[in-house]
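Encoded as C-alpha cells, the structure appears first; notes follow it.
The values are calculated or read from the model by the stated rules, or taken from the named source; none is laboratory data. The structure displayed is predicted, hence computed values, not measured ones. So basically every Cβ, Gly included, is an ideal-geometry build from the backbone, and we count neighbours across all protein chains shown. The area values use the complete protein model at the heavy-atom level, side chains included, leaving out ligands, DNA and RNA. Shrake-Rupley method; radii C 1.70, N 1.55, O 1.52, S 1.80 Å.
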Amino acid sequence: MYKKVLWATDGSEAADRALEHAKALAAEGGGPVTVVYCEEFTLPGKGGGRYPVHANEDELQEKIQRQVAELSSNGTKATLHTTRSRVGGAAHAIAEIADQEHTDLIVVGTRGHTPISGLLLGGVTQRLLHIAPCPVLAVPPERSADG
C-alpha cells in the first residue's frame, strides 16, 4: 500500500523512533525511503543576519547522513533531501517534497505535546496533518513503564 515512504527528520530522538517505522513500511512495500531534513533559520535581526535554529547544525546533518547511508547499506534505497526554511516553515517544505516525489506516506515523530501545546508551539507534525498531500504517520513517544 505504501510504496514510497518519506521520513521527515530533525535529528531528534522522536525522529529516530519514527525511522524504525519508515524502514519497516518501506521494506513491506518494497519501495524507497525519501529522507527530508529541513534546516530552519531565524528571522533576520537588526543586523540582517539569519542563523540556524540548532546550534549543533553540522552534527545533526552528519548524523542524518549516517542514517541514510545505513539505510542504503541495509538494502533500502534511500535518498536525502536537505532543504531550508524560515522558522515555522519546515512542514510546508516537507509537504512540497512529498508532493514532488509522489510520496504515499510521510512518517514523522512527535514529542508528546498535548494538542493545545502542539497548536501553541506550532509543531511540524501538527501542521503536516493539515497540509500534507498524502497520509501522515505520527509516531508518538514511547510510553513509560508506569503509565
Checklist entry - Roughly to the nearest percent, how much of the accessible area of segment 54-106 is carbon and sulfur, given a 1.4 Å probe? => result 42
Checklist entry - Which distance in nm do the two modelled labels at R17 and H102 give, with both placed 7 Å along the Cα-to-Cβ direction? => result 3.4
Next on the checklist: If packing is taken as the average number of other Cβ atoms within 10 Å across a peptide's residues, how do 28-39, 128-139, 4-15 rank, most packed first?
Outcome noted: 4-15, 28-39, 128-139
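Over segment 1-42, average the accessible area per residue using a 1.4 Å probe and give it in Å², no decimals.
Ligands and nucleic acids excluded, the result is 40 Å² per residue.
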Next on the checklist: Positive end of the dipole of segment 67-116, charges at C-beta (+1 Lys, Arg; -1 Asp, Glu), about the Cα centre: which of A78, I106, G88 has its Cα farthest in that direction?
Outcome noted: G88
Checklist entry - Which of the aspartates and glutamates could a cross-linker bridge to K77, judged by Cα under 16 Å and excluding same-chain residues fewer than eight apart? => result E20, E28, E101, D104
